[in-house]
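Please read the structure below before turning to the comments.
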């Protein structure tokens with residue numbers, strides 16, 4: 001393997017690695033939102049157990065928000081796995097001197113689609129939360 005080839009592989013992997021860092025930050029934000037939703041649901045359950053009433057509409061809103069955030073986390077994690085695989089395949093193509101573009105391109109496109117769908121789930125959850133907030137205030 002030529003040193004220039006390794007250098008080229010490292011250059012090609014820089015952008016996906018930055019993308020992984022960005023997705024990591026999104027995972028941090030989404031998991032934080034999930035924690036807040038779970039805490040609210042737990043407080044509502046404690047209130048129900050204590051004989052208090054909890055609005056069914058509010059409970060169903062928390063359920064929907066949790067489902068959307070969990071879906072976003074799953075999709076972001078899958079995108080992370082695909083992007084990591086892209087980086088691995090890039091290095092394999094350099095080591096093996098094979099043109100694996102036909103493998104890398106669909107994997108990267110799939111990762112971008114997963115990222116877009118995750119972003120839509122996140123956007124929908126934020127929208128539901130803001131509507132709920134306006135309704136409560």
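Bear in mind that the values in this text are calculations on the coordinates, not laboratory data. Computed from a predicted model, the values in this text were never measured in an experiment. Reconstructed Cβ throughout: ideal geometry from the backbone, glycine too, with neighbour counts over all protein chains shown.
Quick notes on this structure:
- The number of residues in region 121-137 being in a helix (DSSP H, G or I) and surrounded by fewer than 16 Cβ atoms within 10 Å (Cβ to Cβ) comes to 10.
- Comparison of 78, 118, 66, 88 shows that the only residue that is over 20 Å from residue 31 (Cα atoms) and either assigned to a helix (DSSP H, G or I) or without any contact (Cβ under 8 Å) to a residue 40 or more places away in the chain (or both) is 88.
- Selection status of residue 115, exposed (fewer than 13 other Cβ atoms within 10 Å of the Cβ) and farther than 25 Å from residue 3 by Cα: no
- Complete set of residues in region 7-40 that are touching a residue at least 12 places away in the same chain (Cβ under 8 Å) and over 23 Å from residue 80 (Cα atoms): 37, 38, 40
- Taking the numbered list (1) out of contact with any helix residue (DSSP H, G or I) (no Cβ under 8 Å at 6 or more places or on another chain); (2) part of a helix (DSSP H, G or I) in turn, residue 52 passes all entries but (2).
- The set of residues from region 93-106 being surrounded by fewer than 15 Cβ atoms within 10 Å (Cβ to Cβ) and part of a helix (DSSP H, G or I) comprises 95, 96, 101, 102, 105, 106.
- Of the residues making up region 23-49, those that are within 18 Å of residue 112 (Cα to Cα) and surrounded by fewer than 11 Cβ atoms within 10 Å (Cβ to Cβ) number 1.
- Candidate set: region 1-14, residues that are surrounded by 13 or more Cβ atoms within 10 Å (Cβ to Cβ) and within 17 Å of residue 108 (Cα to Cα); chosen: the one nearest to the chain's Cα centre (by Cα): 13
- Residue match in region 41-51 (condition: under 23 Å from the mean Cα position of the chain (by Cα) and touching a residue at least 40 places away in the same chain (Cβ under 8 Å)): no
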